[in-house]
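Okay, so here's the structure we're looking at.
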Amino acid sequence: MKSINIRPAILIIENQQLLTMKYNYSGQDVYNLPGGNLELGEHLSDALARELKEELGLEIKVGQLVLVGEVYFEERKKHTLHLLFEGQIIDGIPSINPQETSAQSVQWIDIDKLQQINLYPNLSQQIIEYLNNQLSNKYVGKINQQWF
């Protein structure tokens with residue numbers, strides 16, 4: 001049986017830094033764009049607001065859709081549709097809620113260092129293109145994602 005997930009995530013940038021959540025999988029540091037899986041009947045923006053409140057204690061404003069991409073792991077029969085939205089923090093200071101996430105910490109990553117980290121989903125190049133007004137299509141297709 002295969003699994004199909006819809007995962008909205010948010011692009012929050014302050015002072016030329018991207019908000020991420022740091023995880024460690026099999027000894028590898030992985031930096032996750034905040035977001036989570038959509039629940040049945042939930043709107044994308046509502047899912048983002050819920051996830052950011054639960055996991056990071058933030059109230060956010062969800063902006064426009066930045067891009068859409070897909071990750072498919074044949075061997076795991078797992079398919080995820082990633083939807084990345086612009087966002088901004090309305091209230092709160094991001095801090096990990098260990099009851100809601102296994103993330104180790106909040107990490108602000110310099111935009112110019114995005115391609116040097118393991119980002120999930122692996123959209124570093126597309127984010128840089130978007131920020132430079134060079135992203136030619138919101139649908140980026142298959143995301144080249146390593147499994148950790």
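Details
- Some residue of segment 34-55 being more than 22 Å from Val140 (Cβ to Cβ), touching a residue at least 24 places away in the same chain (Cβ under 8 Å), surrounded by fewer than 15 Cβ atoms within 10 Å (Cβ to Cβ) and not aliphatic (A, V, I, L, M): yes
- Only a single criterion out of (1) buried (at least 17 other Cβ atoms within 10 Å of the Cβ); (2) closer than 17 Å to Gln145 by Cα; (3) not acidic (Asp, Glu) is not satisfied by Phe73, namely (1).
- Filtering segment 1-37 to residues that are farther than 18 Å from Asn97 by Cβ, assigned to a strand (DSSP E or B) and among the charged types (D, E, K, R) leaves Arg7, Glu14, Asp29.
- Of the strands (runs of 3 or more DSSP E) lying entirely inside segment 38-148, those containing at least 2 residues that are over 15 Å from Ile13 (Cβ atoms) are 59-73, 78-91, 139-142.
- Selection within segment 95-128 - of a type in the set (Gly, Ala, Ser) and surrounded by fewer than 16 Cβ atoms within 10 Å (Cβ to Cβ): Ser95, Ser102, Ser105
- Residues in segment 123-139 that are among the aliphatic types (A, V, I, L, M) and within 18 Å of Thr80 (Cα to Cα): Leu123 only.
- Taking every residue in segment 130-143 that is in contact (Cβ under 8 Å) with a residue 12 or more places away in the chain and pairing it with any residue that is in a loop (DSSP other than H, G, I, E, B) and among the hydrophobic types (A, V, I, L, M, F, W, C), at least 6 positions away or on another chain, the pairs with Cβ-Cβ distances below 7 Å are Ile143/Leu123.
- Per-region count, segment 54-74, residues on the phi < 0 side of the Ramachandran plot, in contact with a Ser or Thr (Cβ under 6 Å, 6 or more places away or on another chain) and at pLDDT 95 or above: 2
The values are calculated or read from the model by the stated rules, or taken from the named source; none is laboratory data. Treat the numbers as computed from the prediction; the structure is a model and nothing was measured. Don't worry about glycine lacking a Cβ; one is built from the backbone with ideal geometry, like all the others, and counts go over all protein chains shown.
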